[in-house]
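Shown next, in structure tokens, is the structure this report addresses.
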Amino acid sequence: MPLKDVKYRSNQAILKLYDNGVEQKYKLIFMKSLRTSGVEDDEDEEQLRISLDGEKLSESIIRSKRMIYEYAYCNQWDFFFTGTLDKDKYDREDLDKFHKDLTQWFRDYKKKYGQKIDFLLIPELHKDKKSWHIHGLLRGILPEHLKQFEIGDKMSDYLVKKVKNGETVYNWSAYQKKFGFCNLEPIKNHSAVCSYITKYITKDLAFCVKKINAHIYYCSRGLNRAQIIAKGDCDFAMNNYDYENDFCRISWFVNNPLTVEEIIESFYIDSRKFLISKVLGAKNETI
């Protein structure tokens, strides 16, 4: 059967470059099966609406965490953001309206100030299991629109402790006026916050968003993605993996040109070719 007619190929590998403009690293994924068209390319376009079936739910959570980490790592961010809804201004149980109004508000911000706000946001339920708030990463807010919290300002005990310890936390008064209380913490460790944000993706969240036909995360258009360097049959020898389950095995590599070139050369040549000029520094070179 011709390759183009094969829906899935078994024992496939993908090599991806994660580059945020400051740091680079590579992810080598060995998969039991892979769509010929590239499942990695298609999954995020549908925003991963979660299935309630047990096994599919677990797989979807893993994919969501992977996509969120990719968006988080491959872009530079200014703040870790927490935004709530004031019950006197909004129906805190209406996540869909919250999402639509917030993203429109971001678009209006760009029209008014000429500054795009990039975002990667994850909804979370309050302890009452009804009201929503959001956590996530933001980039692009003009500095003059933020005010640092000080002792005596109205804030949670959690923030009071941070401010007393000398940590910098900002209030965004425009958001507070429109939606409700918020806080923004400057990002100090990019890699750490990328891992931390994926912890908000839980099975409980997946069930809740499915019930209301919502998304498990929201992100702005045009965010950088990891670059697929190579994909297909690969015989690169590995003894240990950073992560392994029933569906895939994953290893991470720092930007070592010799190791990366060795991995690329271990992919078998077939009808699908991948540009590797960014890795080897050569234009129009293919495998």
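The values are calculated or read from the model by the stated rules, or taken from the named source; none is laboratory data. Predicted model only: the values in this text are computed from it and were never measured. As a convention, Cβ positions derive from the backbone with ideal geometry for all residues, glycine included, and neighbour counts pool all protein chains shown.
Every residue, every condition in (1) over 13 Å from the mean Cα position of the chain (by Cα); (2) without any contact (Cβ under 8 Å) to a residue 24 or more places away in the chain; (3) closer than 23 Å to Tyr90 by Cα, yes or no:
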| residue | (1), (2), (3) |
| --- | --- |
| Tyr158 | yes, yes, no |
| Val163 | yes, yes, no |
| Val169 | yes, yes, no |
| Gly180 | yes, no, yes |
| Ser191 | no, no, no |
| Thr198 | no, no, no |
| Leu205 | yes, no, yes |
| Asn213 | yes, no, yes |
| Arg221 | no, yes, no |
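Taking Lys154, is it part of a helix (DSSP H, G or I), in the same structural domain as Ile134 (by TED's automatic domain parsing), out of contact with any helix residue (DSSP H, G or I) (no Cβ under 8 Å at 6 or more places or on another chain) and not hydrophobic (A, V, I, L, M, F, W, C)? Spell out how you get there, then give the answer.
Details: part of a helix (DSSP H, G or I): no; in the same structural domain as Ile134 (by TED's automatic domain parsing): yes; out of contact with any helix residue (DSSP H, G or I) (no Cβ under 8 Å at 6 or more places or on another chain): yes; not hydrophobic (A, V, I, L, M, F, W, C): yes.
In short, no.
Do you know which of the residues in region 199-239 that are part of a helix (DSSP H, G or I) and either touching a Ser or Thr at 6+ places or on another chain (Cβ under 7 Å) or β-branched (Val, Ile, Thr) (or both) is farthest from Tyr18 (Cα to Cα)?
The first filter runs over region 199-239 and keeps only residues part of a helix (DSSP H, G or I), leaving 199-200, 203-211.
With the extra rule that they be either touching a Ser or Thr at 6+ places or on another chain (Cβ under 7 Å) or β-branched (Val, Ile, Thr) (or both), the set shrinks to 206, 209.
Numbers: Ala206: 26, Val209: 29 Å.
Filtering region 199-239 for residues that are part of a helix (DSSP H, G or I) and either touching a Ser or Thr at 6+ places or on another chain (Cβ under 7 Å) or β-branched (Val, Ile, Thr) (or both), the one farthest from Tyr18 (Cα to Cα) comes out as Val209.
How many residues are modelled with pLDDT under 85, farther than 13 Å from Met31 by Cβ and hydrophobic (A, V, I, L, M, F, W, C) if we restrict to region 228-253?
Residues meeting the conditions: 2.
If you go through region 83-101 one residue at a time, do you hit one that is under 22 Å from Asp204 (Cβ atoms), in a strand (DSSP E or B) and among the β-branched types (Val, Ile, Thr)?
no
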